[in-house]
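Take a look at the structure below.
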Amino acid sequence: MRRVGLMLALAMFGGCAPLAKSKTVCPEYRDRLCATAPECSMDRERGCQVCQCSPSTGPERGVLPSGVAPDRRVR
């Protein structure tokens, strides 16, 4: 259980820094904090990326969040 907490803490601090510093992310999404990986896709009309937190799958399901942007996934 300690490992999961440590991994979440590292992901929150390490994973959110790129959103805050990225000039391609729309301003209203730069200060978003995610416990999971952020998922971003390009909004071509605005010329910046919109982001959301990926859904939590939990270790009991054994599935990792996708590293592919939502607009680039093959369905």
Among Leu33, Leu19, which comes first, then next, by fewest other beta-carbon atoms within 10 Å? Leu33, Leu19
Using Cβ contacts closer than 10 Å as the measure, can you line up Glu45, Glu28, Glu39 from fewest to most? Glu45, Glu28, Glu39
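Count the net charge of all other residues whose Cβ sits under 14 Å from the Cβ of Val25, scoring Lys and Arg as +1 and Asp and Glu as -1.
Here the count lands on +1.
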Order of Val25, Val68, Val50, Val74 under a 10 Å beta carbon neighbour criterion, fewest first: Val74, Val68, Val50, Val25
Run the numbers for Asp71 and Thr24: contour at 0.36 nm per residue of separation, minus the present Cα-Cα distance, in nm. 15.4 nm
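None of the figures in this text is laboratory data; all of them are computed from the coordinates on show. Everything numeric in this text was worked out from a predicted model, so none of it was measured. Cβ atoms come from the backbone with ideal geometry, glycine included; neighbour counts cover every protein chain shown.
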